1. A drop of at least 40 square angstrom in accessible area, chain alone versus all protein chains together, probe 1.4 Å. Which residues of segment B:387-410 meet that?
2. Sort out for me the Cα centre separation of segment B:80-131 from segment A:91-122, rounded to whole Å.
3. Just add up the charged neighbours of residue A:37: K/R +1, D/E -1, any other residue whose Cβ is under 13 Å from the Cβ of residue A:37.
4. What net charge is computed for the residues neighbouring residue A:250, neighbours being all others with C-beta under 14 Å from the C-beta of residue A:250, Lys and Arg scored +1, Asp and Glu -1?
5. Considering all alpha-carbon pairs of segment B:50-301, what whole percent are spaced by more than 34 angstrom?
6. Show that you can apply the helix-only estimate: for chain B, add -39,500 (n - 2.57) for every DSSP H stretch of four or more residues, divide by all residues, and state [θ] at 222 nm to the nearest 500.
7. Treating the beta-carbon of each Lys and Arg as +1 and of each Asp and Glu as -1, no other charges, what is the dipole magnitude of segment B:225-311 about its Cα centre, to the nearest 20 debye?
8. State the percentage of accessible surface on segment A:65-254 attributable to carbon and sulfur atoms; use a 1.4 Å probe and exclude ligands, DNA and RNA.
Amino acid sequence: MEFGPVWRAMMRNKGGYFLIAVQIAVTMAVMVNAFAIMQERSFKMGRPSGLDEANTFALVSVGFKPEMDSKALISEDLDLLRNTPGVINAVATNSYPLRQGGWSEGLHREPGVGKSVSSSAIYFVDEHGLETFGLNLIDGRNFSPEQVSWDKDSPDPWPATVIITQALGEDLYPDHEGSYVGKTFWFDDDNPANIVGVVERLQAPWPSWTGVERSMLVPLRRESNDVRYVVRTEPGYRDQLMLQVEESLANSSKDRIIRQVATVDEARKLAYLGDAAMIKILTFVISLLTAITGLGIVGLASFSVARRTRQIGIRRALGATRPAIVRYFMLENFLVSSIGIVSGAVLAVGLNMFMVQAFSLTPLAWYVVPVAMIILWIVGQVAVAGPARKASGISPAIATRSI
Amino acid sequence: MFRYYLKLGMLSIRANPVLSTLMIAAIAVGIGACMTIVTVRHVMSGNPMEHKNDQLYHVQVDNWNPDDPYEDPDKPPEQLTYMDAKALHDAGRAFRQTTSFKTARVVQPEGDDARPFQQESRATTADFFPMFDVPFQYGSGWDRSSDVTEERVVVLARELNEKLFGGEDSVGRTLTLNDESYRVTGVIDTWTPVPKVYDLNNNPYEEPEQLYLPFSVAVAGGFDNTGNTSCWKPIEEGSGRDGFLASECIWIQMWVELQNATAKQDYLNFLDAYVEEQKLIGRFPRPMNNRLHNPAEWMEDREVVEEDVDVLLGLAVLFLVVCLLNTIGLLLAKAMRRAKDTSLRRALGASKAELFKQHVFEAGMIGVVGGVLGIGTTWAGLRGIENLYIEYEFVQHLVRMDWSMVLLAIVLAIVSALAAALYPTWRTCNITPASHLRLQ
């Protein structure tokens, strides 16, 4: 329809329209990039840890008498835990996924201490580790009880067998095809490790680490006054058993305290606290921004209607229908929005390229910009609808009145 | 004149209540979003040791792997080995020096029903307290002689003292930690450096430890380091704890206090000489790379401000820009609506300058109101952030607004409103006298 007149009328009062277009463009740039960040965070939060998360909890026993037989205490504790009805299995370990604290090692394909080729999170467990963590063994086999040794705080020497994650295998042997079982790597110059099994997935304890999927199980029980137990229960028994186990361990020895009793769900919540908060903040920002831009459009459109009361009256008197008046304002908004949205798309992509560089954000998915464009077009049309309807209600008789 | 402008402004604001409210709201919301993030960033990047920034230095020497730098580009490790920490501390070449690490102890309160509990602790040396200006409620830190004699002394934080001794002056009292007796020498008053400048390696935004005991006692007792330990060279097999202490593993933070630039240069020379000497016995395979960072430089180097905060700051500024564009549009609409008045005033003799002053004054009024409301929205924004991070207790220290932030909010609001008013005012001033009267 009447592109020409609408455009020429707009050109007579560029300032106001230009402002709205810029406002829409900046809104679009913020919206698109905020959405890209939200998408990235929610992907990060959605990754499974590999554990049977819903049915697992952990706790720490801290012995505080200088001379303690921690080896005996750990064995007793594990017996107690494993024989508790409702417990599927339990293990003494140094850490677990999502805990945000743990042990990592640089790895070498040849004996030596030079530049490492890969790195991995280390979980010290015994032969019950696989079942307690609820891991999916896709190749090889579990540790046999004979492969599990006792040592002091740090392994000296390192056990000769390990179970690795698929992702660690891919990183260690990028050119290797087929099974990783039977291959050997080195912790340093005289500590080789032979791969006996591969699990599908087991995250490192640090969710923000780039190598989060790289970890390994090392068959070692550590003789220490500080020991962490991970317990996996039958579905639905976790909360009840968590209280019960804390109580029975606390009562079994007066020379220690039980602390950091937490479910894996709680650990997950803490680990992703910042990401969850970021998603909420950005959702709020996008909504508020869209609302402000919408209100701005309403305000300017109302003003423009008020200013043109006489012209509208004249047009109506000369035979323009009500829908024609509504169409005029809708078209006007469509033109302004389009200018804003198209420049906004350019701005959004530019801002995204900057953020990819400066904050190592992943580049935009192809559909984000088109979706944002459609949303902003709709917002514009909805915002202008009210004032446009009001304009169409102006009586033709206005034209005959002098003010 | 001032009162006349005030009156005109009030009239104009009242004449267009919806437009005026929208403008004020847009400014308040924009300022709120911006100031919330600016406040958090301001707190996070604060320097609690600013008054001693040119005297305190964090010590680094590069004992790392010859084939692989600790951190690109060629940075030395952020902590020291026990061997180096001990040697540099005992040399005593600085005015003050302190070595420390994070550990944990089990506190066994007196009384039969009192349950033992674990307490985050810091093993450090006597100079720690005067170096970081730690305020004391009772007593003081321990003497340097206690470090040498490995005397079991302890300093408590106020909160822990309240828990254990009901907040009384506990100096001289005995405290049992892991079955060993310690003598209390002092109680620290409320003290929360943000960030925790003396140890940025772990979480820089957490409460300081509640318990301090001598470094020498902790090393002799084999207390665990609960902070980060990194090693590049395997520890000699079967060597146990002594092997660890003699290893190239890094786990200790060291700070020195140097009173002037000469002292700093002297200390750097001393570090060079020390590393040269160690190279002779086969240690320090990398090129000489000793560093002394003051607190501000060290916080910069450790990148203590989270990247998310910078991303949010950028978005918040764009948010404010949108709010301002909105305000400009609305002011323009308002100015055009009043074109007739303006034209009449011009016809009656008001100069362009008069009109300019009048409109800028009016915009300023909107700015002040928007700014005052902006303080409210900032406060609400900070409460929102606090709520999102409620599980992370330390967040309460990061969402505090100080006077400088309140002032900045108002200034930012007024400047924003004036900037927004420029173009509409310019348009208004260019209305020719009587041009809009013709229609009638």
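The values are calculated or read from the model by the stated rules, or taken from the named source; none is laboratory data. Here the structure is a predicted model, which is why all the values come from computation and not from measurement. Cβ: placed from backbone, ideal geometry, glycine included. Neighbour counts: every protein chain shown. Calculation scope for accessible area: heavy atoms of the full protein, side chains included, ligands and nucleic acids excluded. Shrake-Rupley method; radii C 1.70, N 1.55, O 1.52, S 1.80 Å.
1. Correct list: B:388, B:389, B:391.
2. With segment B:80-131 and segment A:91-122 each reduced to a Cα centre, they are spaced 28 Å.
3. Values: positive: A:41, A:44, A:280; negative: A:40, A:275, B:307, B:308, B:310.
Neighbourhood net charge equals -2.
4. Working: positive: A:254, A:256, A:259, B:115; negative: A:76, A:77, A:246, A:247, A:255.
Overall, the nearby charge balance is -1.
5. Details: 5537 of 31626 pairs.
The share of Cα pairs beyond 34 Å in segment B:50-301 comes to 18 percent.
6. Numbers: 15 runs with 217 residues, N = 440.
Value at 222 nm, helices only: -16000 deg cm²/dmol.
7. Working: 8 positive and 17 negative charges, 102 e Å.
Computed charge dipole of segment B:225-311: roughly 480 debye.
8. Values: 3680 of 8160 Å².
Solvent-exposed carbon and sulfur of segment A:65-254 make up 45 percent of the total.
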